[in-house]
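Here is the structure we will look at.
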Amino acid sequence: MDTVMYYFYYLSSHFESFSPVVRITVFLTMVLGGVYIFSLLKIGAVAYKTQLDRHRYSKVKEKYEEPLSQLLQSKEDISSTQVLSFLGLENNELKNWEKACITDLLVNIIRKEHGVQ
């Protein structure tokens, strides 16, 4: 924080003799530079999160697509414990992102099988 205050005081003293329009312009330029840097960081974070979500979805799809498709096409009456054992989730508690990916996968499988748009 001392570094920021140093540069603030440096720029304040440097532009002290200039007109208010120039000082306001310098201030707005500094603010817009900060906003620009913040927006670049935000864009990077959003891109990283999107890539992470795609990777997680593909991992869940690879693991659960075939068993879920078989369960959806099955005509038998299957209990919840049988479904969990068929998917390999007896003692495994899923994370929230895994639950969301499985839900999206189920919706996509149903759309694909029934031609729903």
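The values are calculated or read from the model by the stated rules, or taken from the named source; none is laboratory data. In this text the structure is predicted, and so the values were computed from the model without any measurement. Neighbour counts are summed over all protein chains in view; Cβ atoms, including those assigned to glycine, are modelled from backbone coordinates with ideal geometry. The area values use the complete protein model at the heavy-atom level, side chains included, leaving out ligands, DNA and RNA. Shrake-Rupley method; radii C 1.70, N 1.55, O 1.52, S 1.80 Å.
Taken over the Cα atoms of segment 1-114, the convex hull encloses 155 Å³ per residue. Dipole magnitude for the chain: about 360 debye, using +1 per Lys or Arg Cβ and -1 per Asp or Glu Cβ, origin at the Cα centre. Only one residue of L89, Y64, Q51 has its Cα farthest out toward the positive end of the dipole of segment 44-100, where Lys and Arg carry +1 and Asp and Glu -1 on Cβ, and that residue is Q51. Segment 68-104 and segment 20-58 have Cα centres lying 40 Å from one another. Mind pulling the angle between the C-alpha long axis of helix 20-73 and the longest principal axis of the chain? Nearest 10 degrees, somewhere in 0 to 90. Relative to the chain, helix 20-73 is tipped by roughly 10 degrees. If R0 is 22 Å, the Cβ-Cβ spacing of L87 and Y48 corresponds to a FRET efficiency of close to 0.15. Solvent-accessible area per residue in the chain equals 84 Å², computed with a 1.4 angstrom probe and all protein chains kept. Partners of K61 within straight-line reach, counting lysines whose Cα lies under 26 Å from its Cα and excluding those fewer than 8 residues away in the same chain: K49, K75, K95, K99, K112. Projecting the Cα positions of S79, C101, H14 onto the charge dipole of the chain (unit charges on Cβ atoms of Lys, Arg, Asp and Glu, taken about the Cα centre) puts H14 furthest along the positive direction.
Using only Cα atoms, find the angle between the long axis of helix 2-14 and the longest principal axis of the chain, and express it within 0 to 90 degrees, rounded to the nearest 10. With both axes taken from Cα atoms, the answer is about 40 degrees. Note down the net charge around V60, summing +1 for each Lys or Arg and -1 for each Asp or Glu among other residues with Cβ under 10 Å from its Cβ. That sum, taken over residues with Cβ under 10 Å, equals +1. For the chain, with all protein chains in place and a probe radius of 1.4 Å, 61% of the accessible heavy-atom surface sits on carbon or sulfur. Between L11 and W97, the contour length at 0.36 nm per residue exceeds the alpha carbon distance by 26.2 nm.
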